[in-house]
1. Of the candidates 45, 112, 138, which one comes out as most mobile in a Gaussian network treatment of the chain with C-alpha springs shorter than 10 Å?
2. Considering only 146, 206, 189, give the residue with the highest GNM mean-square fluctuation for the chain, with springs between Cα atoms whenever their separation is below 10 Å.
3. Which values of log₁₀ I(q)/I(0), to two decimal places, follow from the Debye formula for the stretch 71-177 at q = 0.12, 0.18, 0.21 Å⁻¹ with a uniform point scatterer at every Cα?
4. Compute the distance in nm between two label points, each set 7 Å from the Cα along the Cα-to-Cβ direction, one at residue 22 and one at residue 157.
5. Roughly speaking, what is the centre-to-centre gap between the stretch 12-75 and the stretch 174-220 when only Cα atoms are used, to the nearest Å?
6. Would you mind estimating how fast the stretch 186-246 diffuses translationally, via Stokes-Einstein at 4 °C and 1.567 mPa s with the Kirkwood radius over Cα pairs, in µm²/s?
7. Quick one: of the DSSP bridges fully inside the stretch 2-201, what percent are antiparallel, nearest 5?
8. Hey, rough spin-label estimate for residue 127 and residue 170, points 7 angstrom out along Cα→Cβ, what's it come to in nanometres?
């Protein structure tokens, strides 16, 4: 079964449109949602969660159209963690205990200790990084099968980010667990994601298995004249420097005489967006 299925999802605003978005997240996998500010990542996530209603299209979670009875199965961390500002951790814990029928105090307590969060301070006094840790602790403490995360490592230092990435990896060792995660820190997504989805100006540029992207695309350094001799459809984007031309290409569509260098997901996205513009 697929954890998430979107088919032709469209949402129009003044000056922006999420345009016929279709993607699928299989159970047991992690999908990274990448795009610049305003690309449509938050609109996509809020549509999946039912926070906003798309103008058209279909959304299914675990094969169901409605999320009303899936509260316990979905752990959510949004960019702004919406919790009672005056409450401390134990007061918030009491609220969550009465919110989720599958709430697990022992797991929550373990994350609070692990993240070194202050139990007596009000939530409003937390730094952004502490608030994100709190949101992650809650999302992982009610036996969720799907995590939907909007910038969950934002505001965290590299050591803590690495720990969070390990936690997400552990979560999906269970083949019934899945994660949809958006982040500007593409290096984090590159470490953990099975699938990568690129959004640009409300359109899905590609959605593919991460390993296939690495196999399919690469960089070459050459001259302008030699580049012009190649099949133009094999060239995704290029950058001209005083030393020559650096081009993003499809590996299997250029001669084997070229030395092809590996790409990162961030480089792939940047080149594709520049070429689109």
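Here, each number is a calculation from the coordinates, and none is a lab measurement. Since the model is a prediction, treat every value here as computed from it, not as a measurement. Cβ placement follows ideal geometry from the backbone for every residue including glycine, while neighbour counts extend to all protein chains displayed.
1. Result for the chain, Cα springs under 10 Å: 112 fluctuates most.
2. 206
3. These q points yield log10 I(q)/I(0) values of -0.36, -0.86, -1.21.
4. 4.7
5. What the calculation gives is 16 Å, centre to centre.
6. Estimated diffusion coefficient is 94 µm²/s.
7. Just about 45 percent of them are antiparallel.
8. 2.3
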